[in-house]
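Written below as C-alpha cells is the structure these notes are about.
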Amino acid sequence: MTIPNYITIFRFILVPFIVMALLSGYVGAALIGFVIAGVSDGIDGFIARRYNQGSELGAYLDPIADKLLLVSLFVVLGFVKELPVWLVVIVVSRDIFIIGAVLLGAVIGKPLEMHPLLVSKANTAFQLVLVAVTLADIAFDFSLTGSRMVLVWIVALLTAASATAYLMTWTKHMAGYEQEHKQD
C-alpha cells in the first residue's frame with residue numbers, strides 16, 4: 001500500500017457522504033466533497049508520479065474511484081431531476097458496456113487491457129465539468145440552465161463517441177481471438 005492508494009481509498013469513502021449530502025439537500029456540502037475528491041485525485045496522481053509510488057493496485061483503484069464518484073453523482077442528479085434521465089442512462093450504460101466487455105474477454109481467456117482513449121479522457125473531463133457546474137448552479141442558484149444544456153449535449157455526444165471507440169477496439173481484439181481459435 002502506498003500513500004496514493006490511501007488517498008484513493010479516501011475518495012471511495014467520500015462518495016457515500018457526497019451522495020447523502022446531495023440527497024439530503026446539502027448541495028454546498030456535496031460540492032465541497034466533490035471538489036475535495038477532485039483535488040485528492042490530482043494529489044494522489046502527483047505523489048505517484050513524483051515519488052515513484054505508482055502501483056498495480058493503484059492503477060486499478062484510481063479509475064474505479066473516479067467512475068464510482070461520477071456514476072453515483074450522475075444517478076443522483078438524474079434522480080433529483082437536475083440532469084436528464086436519458087443522459088444518465090447513456091453514461092451508465094457506457095460504463096456497464098465497458099466493464100462487461102472487459103469481463104467477457106477475461107472469462108473466455110482473451111483479456112483486454114484497456115487504456116483510456118483520447119475521446120474517453122475528453123468525455124470524463126466534460127462529465128466532471130457538467131457535475132461541477134450542476135452542483136454549483138444548484139448550490140448558488142447561478143441560473144446556468146443554458147450552459148448546463150450545452151454541457152449535457154457535449155457529454156452525450158462524447159459518451160456515444162467513447163462507447164463506439166471502445167466497441168471498435170473490443171471488436172478488433174475479439175476478432176483476433178476468433179482468428180486464433182479458427183486456426184486451432
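Points worth noting:
- Here is the figure for the stretch 36-55: residues that are in a helix (DSSP H, G or I) and in contact (Cβ under 8 Å) with a residue 24 or more places away in the chain total 9.
- Applying the criterion of being open to solvent by 80 Å² or more (accessible area, probe 1.4 Å) and modelled with pLDDT of 95 or more to the residues of the stretch 118-146, the residue that is farthest from residue 91 (Cα to Cα) is 140.
- One residue stands out among those in the stretch 100-116 that are exposed (fewer than 13 other Cβ atoms within 10 Å of the Cβ) and part of a helix (DSSP H, G or I): the one that is farthest from the chain's Cα centre (by Cα), which is 107.
- Flag for residue 119 being over 21 Å from residue 167 (Cβ atoms) and in a helix (DSSP H, G or I): no
- The stretch 67-94 - residue that is within 19 Å of residue 161 (Cβ to Cβ) and either aromatic (Phe, Trp, Tyr) or modelled with pLDDT under 95 (or both) and, of those, surrounded by the fewest Cβ atoms within 10 Å (Cβ to Cβ): 86
The values are calculated or read from the model by the stated rules, or taken from the named source; none is laboratory data. Here the structure is a predicted model, which means the values were calculated and not measured. Neighbour counts are summed over all protein chains in view; Cβ atoms, including those assigned to glycine, are modelled from backbone coordinates with ideal geometry. In case anyone asks, the SASA skips ligands and DNA or RNA and just uses the protein heavy atoms, side chains included. Shrake-Rupley method; radii C 1.70, N 1.55, O 1.52, S 1.80 Å.
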